[in-house]
Every structure is written in C-alpha cells, then in structure tokens.
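Read the structure below first, then the notes.
Where a number appears in this text, it was derived from the coordinates with a stated rule and is not lab data. Every value quoted in this text rests on a predicted model; they were computed, and no experiment measured them. All Cβ positions, even for glycine, are placed from backbone atoms using ideal geometry, and neighbour counts span all protein chains on display.
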C-alpha cells in the first residue's frame with residue numbers, strides 16, 4: 001500500500017510534465033532575400049513565442065530579442081496557433097495567430113519603422129468558419145504566380161472549409177464562393 005501511495009504522486013508529476021511538453025508547436029519559413037531559415041516556437045496555451053534563425057558564422061540557432069507580443073490574441077479561449085507565409089515580392093514574413101475555438105485571428109507583420117511586430121487592423125472575420133463544431137485551423141500560403149496571400153480555414157470535425165483571399169478593391173479578406181466539399185474525406 002505504501003508503494004502505491006508513493007507511486008501515485010510520481011505518476012501525477014510525470015503526467016503533468018508530459019502534458020506540459022505537448023503545448024509546444026513550431027512553424028517555419030525560408031527568406032530568400034537573406035537566405036535564412038526562421039522558426040517560430042510557441043506555447044499553444046499562452047501564445048508566448050520566440051523566433052529563431054540559423055547563424056552560419058557561429059553555427060548556432062539564435063533567438064530574437066524582439067518577438068511577437070507575449071499575448072498575441074487577447075481573449076483566446078481555445079489553443080493559440082500560428083502559421084506563416086513569406087511574401088517573395090516584398091521579402092517579408094506574415095504570421096497569423098488564431099484561437100482554435102471559433103477561429104478569431106490576428107495577422108502580424110514586421111514594421112521596419114518601429115522595429116516591432118505589428119498587428120494588421122484588417123483581419124479575417126471574427127468567426128471565419130460559421131458553424132464549426134471542432135477546432136478551427138488555418139493554413140496560409142503565398143502564390144508567387146499572382147503575388148497574393150490565401151488562407152484556408154477548416155474545421156477538424158468533418159473538414160468543412162472556406163478559403164479566403166485578399167481583395168485589393170474592397171481592402172478586406174473575402175471568401176471564395178466555391179470551396180472544397182463540406183466533407184472532403
């Protein structure tokens with residue numbers, strides 16, 4: 001019985017450690033203008049992140065002192081996720097942070113004038129996938145063919161999705177009228 005009493009706290013501590021380790025995610029992009037790979041690591045519960053790049057002179061990964069705000073998505077109730085696309089035309093990376101519960105998001109860009117990451121004033125709709133019943137995930141990409149960014153917003157419960165594109169005429173993100181099937185699998 002004593003062994004069982006000692007084993008129980010040990011199992012709780014181990015489970016807590018393993019559970020905490022499952023909160024880390026990483027995304028990356030390659031910047032062709034400076035020929036470097038960049039990685040963003042973050043905690044999905046808090047959104048706190050650190051960006052890294054490879055320093056070829058010292059052969060080490062170096063973390064940036066200035067990162068995306070520590071609370072990138074105020075009021076998030078689900079997990080906080082990030083994705084990134086690199087715009088080859090303007091040579092910049094754009095991060096989107098979103099709440100997996102509902103899909104509210106904020107897009108960030110590097111503001112060279114202030115030397116800080118800044119949030120765009122115009123983002124995807126607050127509820128980019130009405131009727132989602134699972135976690136909302138977002139995949140971003142940049143098309144070099146038409147020099148535009150796109151977001152695919154999808155529900156992990158069934159796969160329903162909506163694809164968005166930037167409409168320069170209306171200055172807002174617009175959904176495509178034709179999307180993948182509501183149940184793609």
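For the chain, what is the mean residue ellipticity at 222 nm derived from helices alone (per DSSP H run of n ≥ 4: -39500 (n - 2.57); sum divided by total residues; nearest 500 deg cm²/dmol)? All intermediate terms of the calculation are to be shown ahead of the outcome.
Values: 1 runs with 20 residues, N = 185.
About -3500 deg cm²/dmol.
Which distance in nm do the two modelled labels at residue 170 and residue 71 give, with both placed 7 Å along the Cα-to-Cβ direction?
Here the answer is 3.2 nm between the modelled labels.
Classify the range 13-120 as rounded, prolate or oblate from the Cα gyration tensor: take a ≥ b ≥ c as the square roots of its eigenvalues, call it rounded if a/c is under 1.5, otherwise prolate when a/b beats b/c and oblate if not. The partial results should precede the final answer.
On the way: a/c = 2.16, a/b = 1.30, b/c = 1.66.
Oblate, since a/c reaches 1.5 and b/c is not below a/b.
Under the 0.36 nm per residue contour assumption, what length would be gained going from the current alpha-carbon distance of residue 133 and residue 35 to full extension? Could you put the intermediate results ahead of the total?
Values: separation 98, 0.36 × 98 = 35.28 nm, distance 4.07 nm.
Extra length from residue 133 to residue 35 when fully extended: 31.2 nm.
Helix 2-21 versus the longest principal axis of the chain: what angle, 0 to 90°, nearest 10, using Cα atoms?
10 degrees
Cα centroid distance between the range 94-115 and the range 166-185, in Å?
If you average the Cα positions of each part, the centres end up 19 Å apart.
Rounded to two decimals, what ratio of Rg to Rh does the chain give with C-alpha atoms and a Kirkwood Rh? List each step's numbers first, then the result.
Numbers: Rg = 19.4 Å, Rh = 18.4 Å.
When Rh is taken as the Kirkwood radius, the ratio is 1.05.
Roughly how large, in nm² to one decimal, is the mean projection of the convex hull of the alpha-carbon atoms in the range 99-164? Walk me through the numbers on the way to the answer.
On the way: hull surface 21.1 nm².
For the range 99-164, the mean projected area of the Cα convex hull comes to 5.3 nm².
Roughly how many nanometres apart are two label points built 7 Å out from the Cα toward the Cβ at residue 179 and residue 22?
2.8 nm
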